[in-house]
1. Restricting attention to the stretch 112-159, which residues are hydroxyl-bearing (Ser, Thr, Tyr) and in contact (Cβ under 8 Å) with a residue 40 or more places away in the chain?
2. If a residue has to be basic (Lys, Arg) and touching a residue at least 24 places away in the same chain (Cβ under 8 Å) to count, how many in the stretch 212-241 make the cut?
3. For residues that are of a type in the set (S, T, N, Q) and either free of Cβ contacts under 8 Å to residues at least 24 places away in the same chain or in a loop (DSSP other than H, G, I, E, B) (or both), scanning just the stretch 179-211, find the one that is surrounded by the fewest Cβ atoms within 10 Å (Cβ to Cβ).
4. Only one residue in Leu195, Leu113, Leu182 is modelled with pLDDT of 95 or more and in contact with an Asp or Glu (Cβ under 7 Å, 6 or more places away or on another chain). Which one?
5. Of the residues Leu25, Leu63, Leu31, Leu20, which single one is surrounded by fewer than 21 Cβ atoms within 10 Å (Cβ to Cβ), among the aliphatic types (A, V, I, L, M) and within 26 Å of Leu203 (Cα to Cα)?
6. Hey, can you tell me all the residues within the stretch 204-223 that are of a type outside the set (Asp, Glu) and under 19 Å from the mean Cα position of the chain (by Cα)?
7. What number of residues in the stretch 85-100 are surrounded by fewer than 17 Cβ atoms within 10 Å (Cβ to Cβ), of a type in the set (S, T, N, Q) and not in a loop (DSSP other than H, G, I, E, B)?
Amino acid sequence: MKLGIMQPYFFPYLGYFDLLNNVDLFIVSDLTQYVKESWINRNRILHPNKSTWQYITVPVDKLSLRNSYRTPIMEIRAVKDKKWKQHMIGQLSHYNKVAPCADAMTDFVKQCLEVDEDFLSRLNVHILDRCAKLLGIDFQYQLMSELSIELHRERSTEERILDLCEYLGATEYVNLPGGRGLYHEDVFAAHSIKLTFRNLPSLIYSTGSYVFEPNLSIIDVLMWNESEEIKKYLDAYKDNV
């Protein structure tokens, strides 16, 4: 069984969905500590000036943020005021006259944000699930906070991941390139677990009069590309990078 474990990012980049497309089970790492202004509550889309990018951000309820280095992701709440959602939809308006899928994608984002969910991690999981369905990815997941396993903080990140792999019966652990400094092939091999790092080549696509920016939010990718074509791209590299 191929296992992936990641924090729940907000409308993440295409490489995140490449990971989802290459695992049998995905564990939502909602027990890790929340870090302010991270991919948990923001991402990037093209800027109206056509030459750079801008952030789309979910404002965090400060009452849920005891300390960014102590509060687990699962306890972080989004601000209840709907104004930030309206503002975010407004940030997409410049796509309308130029991106071929703008109308459908803007409606899709609206629907994703309409869910009645206060906790940021669960909002993100809802969005991941909706995006995976749109892309035709079989998204099987569990929340780390709901697993019946105690992960000891005194153990290293690598040791805790190995504990999870063995607990869940994984034969392969799949991670994104950022984990290369944390995990070691020989250590996993000693536990009869294969370690794989995904390194999906950037999908290059036309953005009209805008300057193309790689690795933006999946929102941008879906503004310019049909979901079926994106899935074909992901499948072309499945098990190969």
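1. If the condition is that a residue be hydroxyl-bearing (Ser, Thr, Tyr) and in contact (Cβ under 8 Å) with a residue 40 or more places away in the chain, then Ser121, Tyr141, Ser145 are the ones that fit.
2. 2
3. Selected residue: Ser209.
4. Leu195
5. Answer to the selection: Leu25.
6. Pro214, Asn215, Leu216, Ser217, Ile218, Ile219, Val221, Leu222, Met223
7. Total meeting the criteria: 2.
The values are calculated or read from the model by the stated rules, or taken from the named source; none is laboratory data. All values derive from a computational prediction rather than experimental measurement. Ideal geometry is used to build each Cβ from the backbone, glycine not excepted, and the neighbour counts take in all protein chains shown.
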